[in-house]
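K.L.:
Below you will find the structure I want to go over with you.
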Amino acid sequence: MHSLPERHNAGRALSPEDQAKLITAAGESRSPALFPLFLLSLDTGMRAGEVRAMRLRDLHLTWDERQITSGEVIVPKSKTAAGTGRLIPLSKRVCASLSFWMGYSPNATPDSYLFRFYQVGIGGDSRTVTMYDVDLSRPMGSWRKGWLEACKRQECPTSGMT
């Protein structure tokens, strides 16, 4: 019997400086979903496919008026059988960012995707970012382009989120 080959591209832990750059990049993105999506991924360790598959019914949230004060997510679909159904608590910063993000879709139902499909455009004299063509019944597509653009502006590392 022989041993498996050693992987040399397994990744690395983020330094506090890199983490701060990435959070800033996500927060300054044109895509309003990128910041809560990044914080959720960072603080829970969920994979991109797990985040993309999440529906509102997978969240168990405690609300105080219009703010989420605590919560947890049950991973609906994972790459591994052991990952499906696991319960992950949400950090305070994830709760705060989700409070803001969920305000974009007041008509969402439990079957709606947390990160749903939408288009982003910049319009008007004020060059305001606007979401349109929102479809709560479809998961968000790839965020690779938005992520790479945000990271390029911040000169931050790009691995791990695409």
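K.L.:
Enumerate the pairs (first residue in the range 104-129 and farther than 26 Å from Ala48 by Cβ; second residue anywhere and assigned to a strand (DSSP E or B) and open to solvent by less than 90 Å² (accessible area, probe 1.4 Å)) with beta-carbon separation below 6 Å, excluding pairs fewer than 6 apart on the same chain, so at least 6 apart or on different chains.
P.N.:
From the range 104-129, the pairs are Gly123/Thr130.
K.L.:
A further question follows. What residue, among those in the range 91-107 that are modelled with pLDDT of 95 or more and of a type in the set (A, V, I, L, M), is farthest from the chain's Cα centre (by Cα)?
P.N.:
The qualifying residue farthest from the chain's Cα centre (by Cα) is Ala96.
K.L.:
Suppose we keep only residues that are farther than 18 Å from Ala96 by Cα and open to solvent by 40 Å² or more (accessible area, probe 1.4 Å) within the range 56-75. Which one would you say is modelled with the lowest pLDDT?
P.N.:
Of the residues in the range 56-75, the ones farther than 18 Å from Ala96 by Cα are 57, 74-75.
Next, only the ones that are open to solvent by 40 Å² or more (accessible area, probe 1.4 Å) stay: 57, 74.
Values: Arg57: 96, Ile74: 93.
Here the answer is Ile74.
K.L.:
Anything in the range 116-129 that is more than 28 Å from Arg57 (Cβ to Cβ), in contact with a strand residue (DSSP E or B) (Cβ under 9 Å, 6 or more places away or on another chain) and open to solvent by 40 Å² or more (accessible area, probe 1.4 Å)? List them, or say none. Lay out the reasoning, then the answer.
P.N.:
Within the range 116-129, the subset more than 28 Å from Arg57 (Cβ to Cβ) is 121-129.
Okay, now just the ones that are also in contact with a strand residue (DSSP E or B) (Cβ under 9 Å, 6 or more places away or on another chain), so 121-124, 128-129.
Once the filter is applied, which keeps residues that are more than 28 Å from Arg57 (Cβ to Cβ), in contact with a strand residue (DSSP E or B) (Cβ under 9 Å, 6 or more places away or on another chain) and open to solvent by 40 Å² or more (accessible area, probe 1.4 Å), the range 116-129 yields Ile122, Gly124, Thr128, Val129.
K.L.:
Follow-up. Please verify whether Gly71 is small (Gly, Ala, Ser) and in contact with a His (Cβ under 9 Å, 6 or more places away or on another chain), treating the condition exactly as stated.
P.N.:
On the way: small (Gly, Ala, Ser): yes; in contact with a His (Cβ under 9 Å, 6 or more places away or on another chain): yes.
In short, yes.
K.L.:
Is there any pair linking a residue in the range 56-85 that is under 14 Å from Leu114 (Cα atoms) and touching a residue at least 12 places away in the same chain (Cβ under 8 Å) to one that is open to solvent by 80 Å² or more (accessible area, probe 1.4 Å) and in a loop (DSSP other than H, G, I, E, B), with Cβ under 8 Å and at least six apart or on different chains, and which?
P.N.:
Hits for this filter: Leu56/Pro110; Leu56/Asp111; Arg57/Pro110; Arg57/Asp111.
K.L.:
Would you point out the residue of the range 133-150, among those that are of a type outside the set (A, V, I, L, M) and under 13 Å from Arg30 (Cβ atoms), that is nearest to the chain's Cα centre (by Cα)? Give the derivation first.
P.N.:
Initial filter on the range 133-150 (of a type outside the set (A, V, I, L, M)): 133, 135, 137-139, 141-147, 149.
Checking the rest, the ones that are also under 13 Å from Arg30 (Cβ atoms) come to 143, 145-147, 149.
Details: Trp143: 9, Lys145: 14, Gly146: 12, Trp147: 11, Glu149: 16 Å.
Selected residue: Trp143.
K.L.:
Sticking with this structure for a sec: Any idea which residue in the range 76-91 is surrounded by the fewest Cβ atoms within 10 Å (Cβ to Cβ), counting only those that are hydrophobic (A, V, I, L, M, F, W, C) and in contact with a strand residue (DSSP E or B) (Cβ under 7 Å, 6 or more places away or on another chain)?
P.N.:
First, the residues of the range 76-91 that are hydrophobic (A, V, I, L, M, F, W, C): 81-82, 87-88, 90.
Of the ones still in play, those that are also in contact with a strand residue (DSSP E or B) (Cβ under 7 Å, 6 or more places away or on another chain) are 87-88, 90.
Values: Leu87: 9, Ile88: 17, Leu90: 23.
The residue in question is Leu87.
K.L.:
On to the next question. So is Arg30 in contact with a strand residue (DSSP E or B) (Cβ under 8 Å, 6 or more places away or on another chain), surrounded by fewer than 16 Cβ atoms within 10 Å (Cβ to Cβ) and closer than 28 Å to Ile122 by Cβ or not? Steps first, please.
P.N.:
Details: in contact with a strand residue (DSSP E or B) (Cβ under 8 Å, 6 or more places away or on another chain): yes; surrounded by fewer than 16 Cβ atoms within 10 Å (Cβ to Cβ): yes; closer than 28 Å to Ile122 by Cβ: yes.
Judged against the criteria, Arg30 is a match.
K.L.:
Tell me which residues, restricted to the range 92-112, are open to solvent by 30 Å² or more (accessible area, probe 1.4 Å) and closer than 20 Å to Phe38 by Cβ. Working first, answer last.
P.N.:
So the first thing to find is which residues in the range 92-112 are open to solvent by 30 Å² or more (accessible area, probe 1.4 Å), and the list is 92-93, 96, 100, 102-104, 106-111.
Result: Lys92, Arg93, Ala96, Phe100, Met102, Gly103, Tyr104.
The values are calculated or read from the model by the stated rules, or taken from the named source; none is laboratory data. Source: prediction; values computed, not measured. Virtual Cβ from ideal backbone geometry, glycine too; neighbours counted across all protein chains shown. The protein model used for the area step is the full one, side chains on, heavy atoms only, and it has no ligands, DNA or RNA in it. Shrake-Rupley method; radii C 1.70, N 1.55, O 1.52, S 1.80 Å.
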